[in-house]
1. Go through (1) surrounded by fewer than 19 Cβ atoms within 10 Å (Cβ to Cβ); (2) of a type outside the set (Val, Ile, Thr); (3) touching a residue at least 60 places away in the same chain (Cβ under 8 Å) one by one and return the number of the condition ALA86 breaks.
2. Which ones in region 1-23 are farther than 14 Å from ILE93 by Cβ and either of a type in the set (Lys, Arg) or in contact with an Asp or Glu (Cβ under 7 Å, 6 or more places away or on another chain) (or both)?
3. Collect the residues in region 4-32 that are under 11 Å from the mean Cα position of the chain (by Cα), of a type in the set (A, V, I, L, M) and either in a loop (DSSP other than H, G, I, E, B) or closer than 12 Å to SER54 by Cβ (or both), keeping them in residue-number order.
4. Any residue in region 29-57 that's over 12 Å from MET3 (Cβ atoms): show its pairings with residues that are acidic (Asp, Glu) and outside any loop (DSSP other than H, G, I, E, B) at Cβ separation under 7 Å, as long as the two are six or more apart or on different chains.
5. Is there a residue in region 62-72 that is more than 14 Å from ALA7 (Cα to Cα) and in contact (Cβ under 8 Å) with a residue 40 or more places away in the chain?
6. Looking at region 40-53, which of its residues are under 17 Å from GLY28 (Cβ atoms) and either assigned to a loop (DSSP other than H, G, I, E, B) or out of contact with any Gly (no Cβ under 8 Å at 6 or more places or on another chain) (or both)?
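Only the coordinates and a few stated rules stand behind these numbers; no lab work does. None of the values given here were measured: they were computed from a predicted structure. Please note: Cβ atoms are built from the backbone with ideal geometry, for glycine as well, and neighbour counts cover all protein chains shown.
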Amino acid sequence: MTMDEIAGKIRERFSGSGFDSSVKFDCGADGVVLIQDSTVSTSDGPADCVISVSKDDLAAMIAGELDPTSAFMQGKLKVDGDMMVAMQLSQVI
């Protein structure tokens, strides 16, 4: 799955969700997905919360194959910034 495909899946999930914070999924060399004011893009930029995760693990979370909380507990993702934003995000993903 490409970063654009992942962004598209996230865009579908966030449509009408009322999520109004900014979050960046940082997949290192594979790229980023930035969610800002209900807009989802693969452009880099500042965010309230940055989640560092591999592209494969992000794709698994979007597909429902990996629980975000479990991924955090297993060290598969790292959260920098506003932890409350990350908690809100887990309700939408």
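1. The failed condition is (1).
2. The answer is MET3, ASP20, SER22.
3. The one that is under 11 Å from the mean Cα position of the chain (by Cα), of a type in the set (A, V, I, L, M) and either in a loop (DSSP other than H, G, I, E, B) or closer than 12 Å to SER54 by Cβ (or both): ILE6.
4. VAL50/ASP26; VAL50/ASP80; ILE51/ASP26; SER52/ASP26
5. No, because not a single residue in region 62-72 is more than 14 Å from ALA7 (Cα to Cα) and in contact (Cβ under 8 Å) with a residue 40 or more places away in the chain.
6. If the condition is that a residue be under 17 Å from GLY28 (Cβ atoms) and either assigned to a loop (DSSP other than H, G, I, E, B) or out of contact with any Gly (no Cβ under 8 Å at 6 or more places or on another chain) (or both), then THR42, SER43, ASP44, GLY45, ALA47, ILE51, VAL53 are the ones that fit.
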